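Inspection log for the structure reproduced underneath, given as structure tokens.
The values are calculated or read from the model by the stated rules, or taken from the named source; none is laboratory data. Owing to the predicted nature of the structure, the values given are computational and were not obtained by experimental measurement. Cβ placement follows ideal geometry from the backbone for every residue including glycine, while neighbour counts extend to all protein chains displayed. These area figures cover heavy atoms from the full protein model, side chains too; ligands, DNA and RNA do not enter into them. Shrake-Rupley method; radii C 1.70, N 1.55, O 1.52, S 1.80 Å.
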Amino acid sequence: MNTVTTAVRRLWKRLLAVVCVVACICSVAACGSGDEAGKIRIGIKFDQPGLGFKKSGTYVGFDVDVAKYVAKQLGYSEDEIVWKEAPSKQREAMLQNGDVDMILATYSITDARKNAVSFAGPYFVAGQDLLVRRDDTSIKGPEDLNGKRLCSVTGSTSATTVKEKFANEVQLMEQPGYAECATALFSGIVDAVTTDDIILAGLASASRGKLKVVGKPFTQEYYGVGIKKGDKAFAKKINAAIESMIKDGSWQRAIEDNTKGTGYKPNAEYNPPKPTEGE
């Protein structure tokens with residue numbers, strides 16, 4: 001009997017230990033979620049100068065400025081924003097899983113994406129353009145790229161668009177990120193970089209005058225605020241905030257602040273846009 005009793009006691013001790021561990025884990029998880037209680041969670045890029053960039057523990061860029069303005073209009077102060085990195089491939093999943101409340105991360109509104117999520121906005125209309133060295137006068141548009149070397153990011157369709165529509169003899173080079181493309185451009189490995197003009201303007205701004213945007217956009221990309229699918233009421237509130245930002249001049253100031261020194265100007269045919277998406 002003593003042996004059985006001892007064994008039972010040991011078993012109970014082990015079970016209690018497991019229960020304690022589980023309780024601790026649950027407590028930690030609860031604390032983690034508690035840190036976000038009463039706050040708004042916003043997905044942005046952490047690695048795009050001029051748009052969404054993590055710098056010494058702070059976040060800067062045009063997308064960040066728009067997000068802060070919208071959050072304020074929704075009743076949140078800056079210290080009530082939880083910033084979360086939103087890589088391109090994870091954006092839909094982050095919204096569907098409820099990891100974020102909204103995403104502002106050069107997130108183009110497309111019919112394919114609207115199968116999974118909804119959008120508010122647009123808050124900006126970008127256009128595909130070219131980034132070249134400051135002293136290069138030979139490239140004035142995509143049709144000048146035959147025989148040249150063009151860099152874009154792996155998985156992007158930007159360089160393919162140039163090759164198929166404008167310069168079928170262009171030599172394409174892929175890099176994992178636009179910072180690597182900019183470095184290749186600095187060093188003369190490539191002659192141009194292509195993606196959305198405002199992304200290129202951010203890279204030019206960070207180059208200390210060594211790079212410039214050609215300024216001849218040849219596509220339109222409507223940047224939207226990604227939200228959970230079907231939330232029309234939320235979309236309407238965000239659109240009202242964007243409209244207010246445009247009207248009071250904050251939108252224009254944000255563009256100028258984040259592209260300073262580049263001479264960049266948004267395509268006036270499409271900007272500022274009319275935010276009516278998702279209502």
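Sequence-distant contacts, meaning Cα pairs under 8 Å at least 6 residues apart, place the relative contact order of the chain at 25 percent.
Surface analysis of the chain yields an accessible area of 52 Å² per residue, using protein heavy atoms and a 1.4 Å probe. Distance between the 7 Å Cα→Cβ label points at Leu74 and Lys114: 2.1 nm. What FRET efficiency, computed as 1/(1 + (r/R0)^6) with R0 = 35 Å and r the Cβ-Cβ distance, is obtained for Thr219 and Ser56, rounded to the nearest 0.05? Taking R0 as 35 Å, the efficiency between Thr219 and Ser56 is 0.55.
Between Lys237 and Ser138, the simple label model (points 7 Å from Cα in the Cβ direction) yields a spacing of 5.5 nm.
From most to least packed by mean Cβ count within 10 Å, the peptides 39-47, 155-163, 199-207 give 199-207, 39-47, 155-163.
Applying 1/(1 + (r/R0)^6) with R0 = 35 Å to the Cβ-Cβ distance of Thr160 and Val82 gives a FRET efficiency near 0.45.
In sequence order, the range 41-48 has phi-based couplings of 9, 10, x, 9, 7, 9, 10, 10 Hz under the Karplus curve 6.51 cos²θ - 1.76 cosθ + 1.60, θ = phi - 60°, and Gly or Pro positions carry x. The Rg/Rh ratio for the range 105-193 is 1.03, where Rg is the radius of gyration of the alpha carbons and Rh is the Kirkwood radius.
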